[in-house]
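Scroll down for the structure; my scribbles are underneath it.
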Amino acid sequence: MLNPDINSNELPEEIDWNAFDERFKNSKHPVSLFRDTLKQAQQLLKNQFEQNYPSDRLVYQHAKTVDNLLIRAWHHFIVKDENSISLVAVGGYGRGELHPASDIDLLILLKGNHHEQFAARIQGFLTFLWDIGLQVGQSVRSIRECITEAKRDITVATNLMEARLLCGVQKQFLKLQKKTGPKKIWPSRKFFQAKLAEQIQRHHRFGDTAYNLEPNIKENPGGLRDIQVIGWVAKRHFGATTLHDLVSHNFLSENELKTLVECQNFLWRIRIGLHLLTGRREDRLLFDHQRTLARQFGYQDDKQRLAVEKFMKDYYRTVLELNRLNEMLLQLFDEELLTKRERVKIKTINKRFHNRNGFLEATSTQVFEQYPFALLELFLIMAQHQDLRGVRAGTIRLVRDNCWRIDDRFRNDVRCQSLFLEIFKQPVGLTHELRRMNRYGVLAAYVPAFGRIVGQMQHDLFHVYTVDEHTMFLVRNLRRFTVAEHAHEFPVCSKIIKEIPKQELLYLAGFFHDIAKGRGGDHSDLGAQEAVSFCKLHGLSQYDTNLVAWLVRHHLVMSTTSQRKDISDPQVINEFAEFVGNVEKLNYLYLLTVADIRATSPGLWNTWKDSLLQELYFATVRAFRRGLQNPIDVSEKIAEIKSSALAELQNQGIDRQAIDRFWSSFEDDYFMRHSQNEIVWHTKAFISSRPEDFPLILVREQTHRGGTELFVCMPNAKYIFALITAGIARLGLTIIDARIITSKDDFAVDTFILLESNGDVITDKQRIEDIKQKLHSLLDKPTYENLLANQPGILMSRRLKHFPIATEINFHSDTRSLITIMEVVTRDQPGVLARIAMALVECKAQVLNAKIATFGERAEDIFYITDENNRPIESAEQLNKLRETIIQLLDR
């Protein structure tokens, strides 16, 4: 940590090492001198960082400061003329780069097997370094041991490749470099293959995307490690000591080098800021730090975007650019190191492109100058020729250098328009080529509206990816529905997508659905306008244009309907069917909705959402088959449900009179709000139970509703709902649906759908027993005292703390159903539902139904409530009291 006692205003611009040496010579307590000097240097670095000194200067300067301290400390323990031991900087420190809290990697190099001879002095030296505050990582090895370890482990070989002699014998150091060089071990070809495999594996660990909400600026795709990989391969093959050496080897242009250095310096600045902010080595750009760094770097909020969103957009665009350069350079290395020895095989594709040893290559450097439309043709060829392994690096560079040609004239060229649409019509390769177009900068150039969302983040927990990355995932999800080997994942979607007449319209709707994010206003309406302009420019028919625009404008409707409305109500289904209009549009909308939810966050999709959307989809299909002029009514639906449930129960040998007695105790809403399968389950359980079995608590592992189903039946009591929600919260489970029924003979018949906190169905037998035991312990004595004693605590996660959401509560009257609808928007956290239930108890209100929806950090729940006499709550005083009580319990 930095020393707060140092007056930063009195610090010099650099350490006076001559003065330091004088003090060191006469010092009886060198630890204090070194420690104070290190703290002074750290404070100096902090000041210069805050004054916007170039980050590369700070990184190199800090390494030089540590050099000076280490060399002086070394000679304090090891005499200068000792020729059997040397001090060597390795790893990042060996490159002369050192961030404020980075480890200082050292190799203590012995001439031979002199471990015992120097053991005490080495231990004294290392202890001294720790005492003065340096975080050291060290190894003590002979040259032979270094060679052995480097042969075995490429990481050791890489560290040694970056070695820099600090103190000791130059001859021994040069011998080490020679013995561990590419002529002895890890030749450049083998080294490149290993580093490429390492990078691929590392990228997989981060989901092959740089666009994570809390990225690791070092290890993520497009991060600092990708730059280091380029440097390592260049050093191993060319003996390059700087990135600029790649220019002289024609691997980088001056402009590309400038871009690479600018990107590196931007990431270095973030890393320095993270280290100074946390006081430790930290490479994760967590929510805790994003807002602080955005403010430090001078970003400011405006009406459309937060400062942190602007900062993170610059970050994401930086790593995208690094990703592009990394891909091109590694392809160049591949051509130089792996395929150069292969016999050249060229297969002509057309006069602009050919296949060169499995990679697409432009036939000349003037291709894009002579045929600008080839900038799009390249991607169509890649989609049509699955035997191509990639694009030659020289052609990638040509694309980058010619992107400026994509202007309004280019966009209005019918050849370009046809090529772009043809890419969307390809049976395979669309996702890969859209991603490639994005990496090469072509997609943003051809569709400027898309360029505005590249790197655009939304600072919340609902949207895990940037808008452009989310769009790519959505299109991928849609394409995955068409792949036979993935049909088992979403069989309904895989069947429906075969029936839609023009799949390219679905992909275009997916491409445009979020294209207006970050502009302010309704992104769905603005996106629909963009889609209309695009479709008209590209010659789509009016019908197709209207369909794409309709899908973009209403891409959220099916999701919100399924999660926020009572889709067991025929009127809700009829209204939705009238809105959609026909089965064809329903098919498009359903596929788009499923793909969109799955692309928003890996943890957002679950079996519950799947079941809701399927239930809404098939109910709407049935409504279309009946005809919108002949909607099903409530009595007809109830009759159908009773008939099918009765047949099933009698088939299982259940007495008809017992069934009628049980059913006669319920109003129509019980049969409306439960499926035939659930009614059979409830009826059978009730009829077969004895008085001593109550409270009757049953759990089914998984149901057609997509979650674990909990059924509670018992004589009605005031605190049942509140006790159940408290018990479920204390078990760390999530309630996603609640249907609360009170029979005519005053029995509570309550059904809940539960999931684990991570969205999984509950399958563990012991876990299910724990649920039953916990609820029995609460419901055997459904008292207010028991309720108070079992209120769950609210434990807020680290991420949630950065998204304060004030609780909002709105009430609506449903005159048709004679209930009050309460909408609660609050910060999602464990125990929310239990606390709302507690407020309802205190305000003498009861729940009939609950729809629970979570969007990242936001909980948006809907409760259908009445007063104690089963009437709508019309008293403003009672509603205000309920609002105030809930806010007090949730926001305290």
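Restricting to region 233-249, and then to whatever is small (Gly, Ala, Ser) and either open to solvent by less than 40 Å² (accessible area, probe 1.4 Å) or assigned to a helix (DSSP H, G or I) (or both), can you tell me which residue is nearest to Ala157 (Cα to Cα)?
Of everything passing the filter in region 233-249, Ala234 is nearest to Ala157 (Cα to Cα).
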task = Would you confirm whether any residue within region 376-384 is without any contact (Cβ under 8 Å) to a residue 60 or more places away in the chain, surrounded by fewer than 20 Cβ atoms within 10 Å (Cβ to Cβ) and in a loop (DSSP other than H, G, I, E, B)?
result = no
task = Filter region 103-124 down to residues that are open to solvent by 30 Å² or more (accessible area, probe 1.4 Å) and over 28 Å from Lys183 (Cβ atoms) and give me whichever is modelled with the lowest pLDDT.
result = His115
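Please indicate, with yes or no, whether at least one residue in region 236-254 is of a type in the set (Lys, Arg), out of contact with any Pro (no Cβ under 7 Å at 6 or more places or on another chain) and at pLDDT below 95.
Checking region 236-254: not a single residue is of a type in the set (Lys, Arg), out of contact with any Pro (no Cβ under 7 Å at 6 or more places or on another chain) and at pLDDT below 95.
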query = Looking at this structure, is Lys313 more than 30 Å from Ser188 (Cα to Cα), part of a loop (DSSP other than H, G, I, E, B) and open to solvent by 20 Å² or more (accessible area, probe 1.4 Å)?
reply = no
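Each row is one residue, and each column tells you yes or no for (1) surrounded by fewer than 23 Cβ atoms within 10 Å (Cβ to Cβ); (2) in a loop (DSSP other than H, G, I, E, B).
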position	(1), (2)
Arg439	yes, no
Ala445	yes, no
Met457	no, yes
Glu469	no, no
Arg476	yes, no
Val492	yes, no
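Take Arg152 and decide whether it is farther than 25 Å from Leu338 by Cβ and charged (D, E, K, R).
When the stated conditions are applied, Arg152 does not pass them.
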message = Quick check on region 721-736: of everything there that is farther than 17 Å from Asp764 by Cβ and either out of contact with any helix residue (DSSP H, G or I) (no Cβ under 8 Å at 6 or more places or on another chain) or of a type in the set (A, V, I, L, M) (or both), which residue is modelled with the lowest pLDDT?
response = Ile736
message = Just to verify a result, which residue in region 837-859, among those that are among the charged types (D, E, K, R) and open to solvent by less than 30 Å² (accessible area, probe 1.4 Å), is farthest from Ile740 (Cα to Cα)?
response = Glu857
remark   = In the set Leu551, Leu604, Leu505, Leu612, the lone residue that is more than 30 Å from Asp413 (Cβ to Cβ) and assigned to a helix (DSSP H, G or I) is Leu612
message = I'd like the residue in region 302-334 that is among the aliphatic types (A, V, I, L, M) and within 18 Å of the chain's Cα centre (by Cα) and, out of all such residues, is farthest from Ala234 (Cα to Cα).
response = Val308
task = Name every residue in region 418-430 that is open to solvent by 20 Å² or more (accessible area, probe 1.4 Å) and in a helix (DSSP H, G or I), in order of residue number.
result = Ser418, Leu419, Leu421, Glu422, Lys425
note = Over region 316-334, the set of residues more than 30 Å from Arg291 (Cα to Cα) and open to solvent by less than 20 Å² (accessible area, probe 1.4 Å) is Met328, Leu329, Leu330, Phe333
ask   = If you go through region 251-280, how many residues are farther than 19 Å from Asp226 by Cβ and touching an Asp or Glu at 6+ places or on another chain (Cβ under 7 Å)?
value = 1
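Any idea which of Leu586, Leu537, Leu591 is open to solvent by 40 Å² or more (accessible area, probe 1.4 Å), of a type in the set (A, V, I, L, M, F, W, C) and at pLDDT 95 or above? Explain how you work it out, then say what you get.
Values: Leu586 fails: open to solvent by 40 Å² or more (accessible area, probe 1.4 Å); Leu591 fails: open to solvent by 40 Å² or more (accessible area, probe 1.4 Å).
Exactly one residue qualifies, and that residue is Leu537.
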Qualifying residues in region 614-628 (those that are among the aliphatic types (A, V, I, L, M) and touching a residue at least 40 places away in the same chain (Cβ under 8 Å)) - the one surrounded by the fewest Cβ atoms within 10 Å (Cβ to Cβ) = Leu628
message = Take residues that are open to solvent by 70 Å² or more (accessible area, probe 1.4 Å) and of a type in the set (Gly, Ala, Ser) and tell me which of the helices (runs of 4 or more DSSP H) falling wholly in region 629-711 contain 1 or more.
response = 634-651
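This table checks each residue for (1) under 31 Å from the mean Cα position of the chain (by Cα); (2) of a type outside the set (A, V, I, L, M); (3) closer than 24 Å to Phe671 by Cβ.
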position: Leu848; (1), (2), (3): no, no, yes
position: Ala853; (1), (2), (3): yes, no, no
position: Asp861; (1), (2), (3): yes, yes, no
position: Tyr864; (1), (2), (3): no, yes, yes
position: Asn870; (1), (2), (3): no, yes, yes
position: Ala876; (1), (2), (3): no, no, no
position: Leu879; (1), (2), (3): no, no, no
position: Thr885; (1), (2), (3): no, yes, no
position: Leu890; (1), (2), (3): yes, no, no
remark   = How many residues of region 860-884 are of a type outside the set (Gly, Ala, Ser) and either open to solvent by 20 Å² or more (accessible area, probe 1.4 Å) or free of Cβ contacts under 8 Å to residues at least 24 places away in the same chain (or both)? The answer is 16
task = Search region 539-556 for residues that are farther than 17 Å from Phe579 by Cα and pair each with any residue that is open to solvent by 80 Å² or more (accessible area, probe 1.4 Å) and in a helix (DSSP H, G or I) when their beta-carbon atoms are under 9 Å apart and the residues are at least 6 apart or on different chains.
result = Gly539/Val414; Gln542/Lys536; Thr545/Lys536
inquiry  = I'm trying to understand the selection: among the residues of region 360-375, which are in a helix (DSSP H, G or I) and either open to solvent by 10 Å² or more (accessible area, probe 1.4 Å) or not β-branched (Val, Ile, Thr) (or both)?
reply    = Phe368, Glu369, Gln370, Ala374, Leu375
request  = Please determine, by comparing only the residues of region 13-61 that are open to solvent by 100 Å² or more (accessible area, probe 1.4 Å) and not in a helix (DSSP H, G or I), which one is farthest from Ser102 (Cα to Cα).
outcome  = Lys28
query = Inside region 125-199, counting only helices (runs of 4 or more DSSP H) that do not spill past its ends, which hold 2 or more residues that are within 18 Å of Gly231 (Cβ to Cβ) and open to solvent by less than 30 Å² (accessible area, probe 1.4 Å)?
reply = 154-161
request  = Please indicate, with yes or no, whether at least one residue in region 273-280 is of a type outside the set (A, V, I, L, M) and not in a helix (DSSP H, G or I).
outcome  = yes
task = Could you tell me which residue of region 335-353 is nearest to the chain's Cα centre (by Cα), considering only residues that are crowded, with 17+ Cβ neighbours inside 10 Å and under 21 Å from Asp401 (Cα atoms)?
result = Glu335
request  = Specify the residue that is nearest to Asp745 (Cα to Cα); the eligible residues are those in region 677-731 that are of a type in the set (S, T, N, Q) and touching a strand residue (DSSP E or B) at 6+ places or on another chain (Cβ under 7 Å).
outcome  = Asn716
note = The residue from Gly727, Gly759 that alone is open to solvent by less than 10 Å² (accessible area, probe 1.4 Å) and either farther than 18 Å from Tyr670 by Cβ or assigned to a helix (DSSP H, G or I) (or both) is Gly727
request  = Output the residue which, of all residues in region 288-308 that are surrounded by fewer than 19 Cβ atoms within 10 Å (Cβ to Cβ) and in contact (Cβ under 8 Å) with a residue 24 or more places away in the chain, is nearest to Glu262 (Cα to Cα).
outcome  = Phe297
ask   = Does any residue of region 816-823 turn out to be open to solvent by 70 Å² or more (accessible area, probe 1.4 Å) and at pLDDT below 85?
value = yes
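The values are calculated or read from the model by the stated rules, or taken from the named source; none is laboratory data. Please read all numbers here as calculations on a predicted model, not as lab measurements. Please note: Cβ atoms are built from the backbone with ideal geometry, for glycine as well, and neighbour counts cover all protein chains shown. Areas reflect the complete protein model, heavy atoms only, side chains present, ligands, DNA and RNA absent. Shrake-Rupley method; radii C 1.70, N 1.55, O 1.52, S 1.80 Å.
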